[in-house]
Structures are given as structure tokens and as C-alpha cells.
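To start, the structure under review is shown below, and the notes come after it.
Each value in this text was obtained by applying a stated rule to the coordinates, not by laboratory testing. Treat the numbers as computed from the prediction; the structure is a model and nothing was measured. Cβ placement follows ideal geometry from the backbone for every residue including glycine, while neighbour counts extend to all protein chains displayed.
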Amino acid sequence: MNLSATLDDLYQRHLTSTTRAQWDYHDLLPWERGRNFQTEAWALGQGSLTPALTIAVETALLTEINLPWFTAGLKEMFASGPLALKAFIKTWTAEEDQHSRILDVYLSLSRNGDPVRRAQLRKHVLTEGYEIEGQSGFAVMVYTTLQELATRVFYQNLANAVNDLDRALSRILRAMAKDETLHFAFYRDAVKAYLDDDPGRLETVCEIIPRFRMPGATMPDFAARMRLIAENGGYGAEEYLTEVLDPLLRAWDVWDRDVPARVGDSRRALEIYRTRLDRIVRRRQGKEA
Ligand SMILES: [Fe+2]
Ligand SMILES: [Fe+2]
């Protein structure tokens, strides 16, 4: 099957599974907790979550809020690409649109976190804008695969971490994680189809992976937020290595794929990067033990 027919199939598969996984934010939000901020001002201690878990949810919101920038970047990058990719971005945008909205409304209804501060942060992040990583449509797809899987793992683990404190939030995060799983599956298999079409493209995979960071660097205290999430929200270097990077390297057959000689150097550099990451994770595990 040629590349464009494979992408058409992947898009049709996505439409089928996304219809099955369909959810609406009005069904999942705990409306019964809503109180008027004008008559009852926000104060610390009104919410259901710990401060660290509140920051984890707020960080997810501030990442998702960048959707207009993600869509703009993807539209530009796929402008000359296959029709299936163009159609996918539209469906994907409609699905992602619920993510920041549901988290924002949840945080307000549940009185987790200062709503005034959150409004300032939202505006700050959107005003800063976000430039998508990657110089080509294919490079962007590689980056986006990592991002979709990373958010899936983050939401799933955060859902587990908040489960005893707030069931409604846990359900919301699981619904979002399901969407991210489907987005991830589309991009993972699209990248694989591109690699099967031209194994030389593995060079781009090897270049993009070591540069991967969760989007959000424009949010204040980003590094401190990531540390808090690693300690309390169940998503850090270890989860990135074992639940994001390694499964992807296997899915794309990165180590065993027959590639042109020029790709060999890039692949060795990627191997060094992975070994270094593995060493960092083991050192941290040693300290915790
Ligand atoms: Fe999302
Ligand atoms: Fe997604």
C-alpha cells in the first residue's frame, strides 16, 4: 500500500475509534460544587487537592491552552502534505479543544488554585505564543508523537495520584488520556508509514528525540513545576524513559531497521542519549531506595 493510502486508512481508523471514545465535558464536571466568586471569594484551603497536585493540573491546563498555536503550527507544516494529515488536524483540534476547557472549569468549580492568578497565567502563556518544534512536516509528526504519548502517561498517572482526593478529576483525566492515546496511535503509525516508505527518514527521528521537551517553557517556573510533577504527579524522567521513549523506539524499530549508511552516526548519537538518560534514572532510583 502506498504512503497516502496508508495515511487515509489511519485517519479512518481514528474516526472510528474516536467516535467510540467520545465524551462531553458537561457530563464530567462536578457542577454541584460551583459557588459564586463574587459573593464568596476564593481562599486557600477551599479545594480538594494538595498544592502540588493543584500545580500539576494547572500545568496541564497551561499546556493545553496553547491549542491555537499548536493548530497554527501544524496547519503551516502540513500545508503541502497529504490530505489525510490536513483532515486529521481538524478532527484533532476539535478533540483537543475540550482539554483546556474542562480543566479550567474543573479548577474553578472545585476551587483548587487562585482563579485570579490562573487567569493571569493563561493570558501570559497565550500572549507568549508557541513555536512548534521541527523543520518539516515529518519532524513535527515525530515530535508530536512523543508529546501525545507523554501527555497520555502524565494524565493517566495523575489520575491515579488524585483518585482518593477527587474522583471527578480522576475521571476527567482518564477521559483526556483516552483522547491522547488515540492521537498518539495516529501519529505513531503515520511516522512508521513514513519510515517504511523511506528508512533514511530515521535520521530525523534520531535528531528530534534528544531535543524533546514538554511544551510549556514559556510558563513561569516551568522547571520547578516539572520537579513537583515528578515527585507528586507520577510523571518524571523514569516514566518518560520507560513509558514514552522505549515503547516508541520499539514501535519504530529504531535499532534494527535497515538504514542508509549516513543514518548510522545519528543512530549512534541517539543510543548515547538513551544510555545517558538511563543512567540518570538509575542514579535517582538509587537515591530513592
Ligand atoms: Fe490534549
Ligand atoms: Fe492530544
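Given the C-alpha atoms of the stretch 1-101, compute the convex hull and give its volume per residue in Å³.
Each residue corresponds to 137 Å³ of Cα convex hull volume.
Sorted from fewest to most neighbouring beta carbons within 10 Å, what does the list Thr242, Thr145 look like?
On the way: Thr242 13, Thr145 27.
By the 10 Å Cβ count, ascending: Thr242, Thr145.
Kirkwood hydrodynamic radius, the chain, all distinct C-alpha pairs: what's the number in Å?
Result for the chain, one decimal place: 20.1 Å.
Could you run the Karplus curve 6.51 cos²θ - 1.76 cosθ + 1.60 with θ = phi - 60° over the stretch 62-70 and give me ³J(HN,Hα) per residue in whole Hz, x for Gly and Pro?
Working through the residues one at a time gives 6, 7, 5, 5, 6, 3, x, 6, 4 Hz.
Applying a 10 Å radius around every beta-carbon, put 36-43, 117-124 in order of their mean neighbour count, most first.
Top to bottom by mean Cβ count within 10 Å: 117-124, 36-43.
Students often get this wrong: which residues of the stretch 73-96 have the backbone nitrogen under 19 Å from the point 7 angstrom along Cα-to-C-beta of Gln22?
Those under the cut-off are 88-96.
Would you kindly calculate the mean projected area, averaged across all directions, of the convex hull enclosing the Cα atoms of the stretch 77-154, in square nanometres?
6.4
Would you mind calculating the gained length between Asp221 and Arg276 on full extension (0.36 nm times residue separation, minus the Cα-Cα distance), in nm to one decimal?
Difference between extended and current length: 17.3 nm.
Return P(r) of the stretch 61-214 (all Cα-Cα pairs; 5 Å bins starting at 0; whole %; ordered from short to long distances).
Reading upward from the zero bin: 2, 8, 16, 21, 19, 15, 9, 6, 3, 1, 0.
Express the relative contact order of the chain as a whole percentage, based on alpha carbon pairs under 8 Å and six or more residues apart in sequence. Don't skip to the answer; put the middle values down first.
Working: 304 pairs, mean separation 70.3, N = 289.
Value for the chain: 24 percent.
Got a sec to turn the phi values of the stretch 76-82 into Karplus ³J(HN,Hα) couplings, 6.51 cos²θ - 1.76 cosθ + 1.60 with θ = phi - 60°, whole Hz, x for Gly and Pro?
5, 5, 9, 3, 9, x, x
Under 8 Å for C-alpha pairs, at least 6 residues apart: give me the relative contact order for the stretch 56-185, rounded to a whole percent.
Normalised by residue count, the contact order of the stretch 56-185 is 28 percent.
Determine, for the chain, the count of lysine pairs separated by eight or more sequence positions (or lying on different chains) whose alpha-carbon distance falls under 28 Å.
Summing the qualifying lysine pairs gives 12.
Kindly write out, for the stretch 162-175 in residue order, the coupling ³J(HN,Hα) from the Karplus curve 6.51 cos²θ - 1.76 cosθ + 1.60 (θ = phi - 60°), rounded to whole Hz, with x marking Gly and Pro.
Coupling constants for the stretch 162-175: 9, 3, 6, 8, 7, 4, 4, 5, 4, 5, 4, 5, 5, 5 Hz.
Counting other Cβ atoms within 10 Å of each Cβ, which trypsin sites (Lys or Arg not before Pro) in the stretch 179-268 have at most 12 and sit in a DSSP loop?
Those satisfying the criteria are Arg262.
Alpha carbon centre of the stretch 173-210 versus the stretch 23-45: separation in Å?
Taking the Cα centre of each part, the stretch 173-210 and the stretch 23-45 sit 37 Å apart.
Quick check of the Kirkwood formula: for the stretch 201-259, what is the inverse mean of 1/r over all pairs of different Cα atoms, in Å?
Values: mean 1/r = 0.0755 Å⁻¹.
In the stretch 201-259 this quantity evaluates to 13.2 Å.
Take the Cα atoms of the stretch 164-287, build their convex hull, and give its volume per residue in Å³.
134
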